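The values are calculated or read from the model by the stated rules, or taken from the named source; none is laboratory data. Values in this document were obtained by computation on a predicted structure and should not be read as measured data. Glycine gets a Cβ as well: all are built from the backbone with ideal geometry, and neighbour counts include every protein chain shown.
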Amino acid sequence: MYQNPLPPPRHYYRPQSALTSPPRPRLVPPIRHPIVPFENQAHPSPNFHIPAALLARIVSYVAEEGLVELKNWVVAGPEAFAAVFSPETLSVIRLDKNEDFVEWAKPSSSYYNIFSMCLHHGNPYALYAQSIHYSFTDLNLSAALDNLDTIKHLLPLAKLLWIMLHSCAGTLDDQVYYEFRNMYSFNDIDYMSDTLMFHINSVGPSRCGSYGLTWEFEDFPECWQDHDWLREFNGERCLDCIYFYLSRDIMLLS
């Protein structure tokens, strides 16, 4: 007698009606009525307003996120417009949220008016940008250092530029330099150096080595012998090399 070598199937035929489930009813959430009916709610007072000082403080916190965040406040009404252009707001706007903010110091820039107002009220980012123009466009080291003296404790990038310009002027204090070098790691200084060089190149420096006669850098990389012995010929190889090459490149861009 013939026997099927295959085992019987585990599943048996079922009609299509057994495979489809009946449609589920749609669950409609009940309407939630307000606790206080609309006609009984108090209408806002037409005399409600935020004091100018408080509104300026609020807008100044928004300004810390960048100039773009203030666009809606400019068109929100006369009181908001006045708060945007108040000294409290103009002095804290984070201009560096825009990569090209250093170019705003040029009279040909469309942002020159707002930049001038920020500069008038002592905005540290505006003073930093103006210092770069003083150093590499006007070649006025004393004016640039005077600006940076007021903001070097607020912006690490301004402190780094202040140190580099003092090396160009030949007046670098070694103690200040060593204290700053011990505060930041290799990666931090590498990033700040790239950012500083980007800002300097943005203003179109003269590239004549104008500060070559006064430039000096006391911390000459004594590590070069170690790098030669280890056959490390890849440019900026350690923290001392970064500072030395940054100072030298800034002098050559002047």
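A few notes on this one:
- When the test is whether a residue is in the same structural domain as residue 165 (by TED's automatic domain parsing), modelled with pLDDT of 80 or more and acidic (Asp, Glu), residue 194 passes it.
- Pairs, first in contact (Cβ under 8 Å) with a residue 24 or more places away in the chain in the stretch 61-76, second among the β-branched types (Val, Ile, Thr) and part of a loop (DSSP other than H, G, I, E, B), C-beta under 7 Å, six or more apart: 63/92; 63/93; 64/92; 67/93
- Taking (1) at pLDDT below 90; (2) surrounded by 10 or more Cβ atoms within 10 Å (Cβ to Cβ) in turn, residue 2 satisfies each apart from (2).
- Selection status of residue 153, touching a residue at least 24 places away in the same chain (Cβ under 8 Å), in the same structural domain as residue 199 (by TED's automatic domain parsing) and farther than 30 Å from residue 209 by Cβ: no
- Of the residues making up the stretch 168-179, one or more are polar (S, T, N, Q) and either free of Cβ contacts under 8 Å to residues at least 60 places away in the same chain or more than 23 Å from residue 213 (Cα to Cα) (or both).
- The residue that is surrounded by the fewest Cβ atoms within 10 Å (Cβ to Cβ), counting only those in the stretch 112-149 that are without any contact (Cβ under 8 Å) to a residue 40 or more places away in the chain and in a loop (DSSP other than H, G, I, E, B), is 138.
- Residues within the stretch 159-181 that are among the hydrophobic types (A, V, I, L, M, F, W, C), in a helix (DSSP H, G or I) and buried (at least 19 other Cβ atoms within 10 Å of the Cβ), tallied: 7
- Residue 93 satisfies every condition listed in (1) outside any helix (DSSP H, G or I); (2) over 23 Å from residue 131 (Cβ atoms) except (2).
- For the stretch 98-119, the criterion of being touching a Cys at 6+ places or on another chain (Cβ under 6 Å) and under 17 Å from residue 196 (Cβ atoms) is met by no residue.
- Scoring residue 206 on the criteria (1) under 24 Å from residue 241 (Cα atoms); (2) at pLDDT below 90 leaves a single failure, condition (1).
- A single member of 136, 81, 101, 115 is touching a helix residue (DSSP H, G or I) at 6+ places or on another chain (Cβ under 9 Å) and either of a type in the set (Val, Ile, Thr) or more than 28 Å from residue 169 (Cβ to Cβ) (or both), and it is 81.
- Of residues in the stretch 50-84 being assigned to a loop (DSSP other than H, G, I, E, B) and either surrounded by fewer than 10 Cβ atoms within 10 Å (Cβ to Cβ) or among the hydrophobic types (A, V, I, L, M, F, W, C) (or both), the one modelled with the lowest pLDDT: 50
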